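Structure first, then comments.
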Amino acid sequence: MKVPKFDGAVPQHVAIVMDGNGRWANARGLTRVEGHRAGEAALMDVIEGAIQAGVKYLTVFAFSTENWKRSPDEVKFLMNYNREVLRRRRDELDGWNVRIKWAGRRPKLWPTVIDELLIAEKQTAKNKGLTFTMCVNYGSRIEIVDAINQIVEDSKSGKLNGALTEKKMQKYLLTKDLPDVDLFIRSSGETRISNFLLWQSAYAEFVFLDVLWPDFSRKDLWAAIQQYSKRNRRFGGAVDKPKKAKGN
Ligand code: FPP
């Protein structure tokens, strides 16, 4: 499938909340986990579409620190599924020159899932194509709290000197090696951030698409990129351009 010509710049970093698996499944008389299963193909298609479009960083919300509240069966499925998808897709993604990264907290996360994430990171560490970050057991508020606690410790021990700056703070985040998010996409029609990449998305452009994640494809990604490419990003700056009054 050919990438369309975008009106303006392509975002360097795209973040996606892959929402709507449960609703997609229930609407078809299926269980929620069947929706997650269907979400895998959408994710692979979007990764390929991101590479084609020239996106450099793609970061997805695979499991949040709040998702532990779901039923034990769904949590168990998602843990197993994260591990299985990584194991099954690792070589394919490696073949696409994708560098796989994990962003998330260790507490509670299944050690076998952490192992699989680290294996995928190691195998693809030298790849120079798309950096694909899976946020597994990730939550932005706790990420910031963890960072502050570490900063306090490092200040006490003398490892961190002088006043804290935005740049130094960035080094304490789970996404320390990633640039800021340019384009933040959420599928399923919901218009929430849900504790995803709060610090990193300070100046992101938001696109909310009314498509449930299993129905999402690279075409939807490109439609979001097209919206992005037409936006005027000012990062707090402004240009005075008064319209000429009629009759002058
Ligand atoms: C949100 O939909 C989706 C998740 C919490 C899980 C994301 C998993 C996938 C997209 C499957 C791909 C596989 C991996 C391992 C990355 P939801 O369950 O909140 O849907 P709902 O809002 O309709 O209930």
**Q.** Listing of helices (runs of 4 or more DSSP H) fully contained in the stretch 63-176 that carry 3 or more residues being over 24 Å from VAL17 (Cα atoms), more than 13 Å from the ligand (Cβ to nearest atom) and aliphatic (A, V, I, L, M)
**A.** 140-157
Q: Might you let me know whether the stretch 184-201 holds any residue that is touching a Phe, Trp or Tyr at 6+ places or on another chain (Cβ under 9 Å), β-branched (Val, Ile, Thr), under 27 Å from ASP115 (Cα atoms) and in contact (Cβ under 8 Å) with a residue 40 or more places away in the chain?
A: no
Q: Kindly indicate the residue of the stretch 1-38 that is within 12 Å of the ligand (Cβ to nearest atom) and of a type in the set (Val, Ile, Thr) and also surrounded by the most Cβ atoms within 10 Å (Cβ to Cβ) among those meeting that condition.
A: ILE16
Q) Looking at the stretch 93-127, which of the residues that are in contact with a Cys (Cβ under 9 Å, 6 or more places away or on another chain) and in contact (Cβ under 8 Å) with a residue 60 or more places away in the chain is surrounded by the most Cβ atoms within 10 Å (Cβ to Cβ)? A) ALA103
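Let's see how each residue does on (1) in contact with a Cys (Cβ under 8 Å, 6 or more places away or on another chain); (2) over 21 Å from ARG192 (Cα atoms); (3) at pLDDT below 90:
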residue	(1), (2), (3)
ALA204	no, no, no
PHE208	no, no, no
TRP213	no, no, no
PHE216	no, no, no
LYS219	no, yes, no
ALA223	no, no, no
SER229	no, yes, no
GLY247	no, yes, yes
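Filter the stretch 177-226 down to the residues that are part of a loop (DSSP other than H, G, I, E, B), within 16 Å of the ligand (Cβ to nearest atom) and at negative phi and list them by number.
SER187, GLU190, THR191, ARG192, ILE193, PHE196, LEU209, ASP210, VAL211, LEU212, PHE216, SER217, listed by residue number.
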Q.
So GLY29 passes all but one of these: (1) assigned to a helix (DSSP H, G or I); (2) at positive phi. Which condition number does it fail?
A. (1)
Q: Name the single residue, out of those in the stretch 48-62 being of a type in the set (A, V, I, L, M), touching a strand residue (DSSP E or B) at 6+ places or on another chain (Cβ under 6 Å) and outside any loop (DSSP other than H, G, I, E, B), that is farthest from the ligand (Cβ to nearest atom).
A: ALA50
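The values are calculated or read from the model by the stated rules, or taken from the named source; none is laboratory data. Predicted model only: the values in this text are computed from it and were never measured. Heads up, the Cβs are rebuilt from the backbone with ideal geometry, glycines too, and the neighbour counts pull from every protein chain shown.
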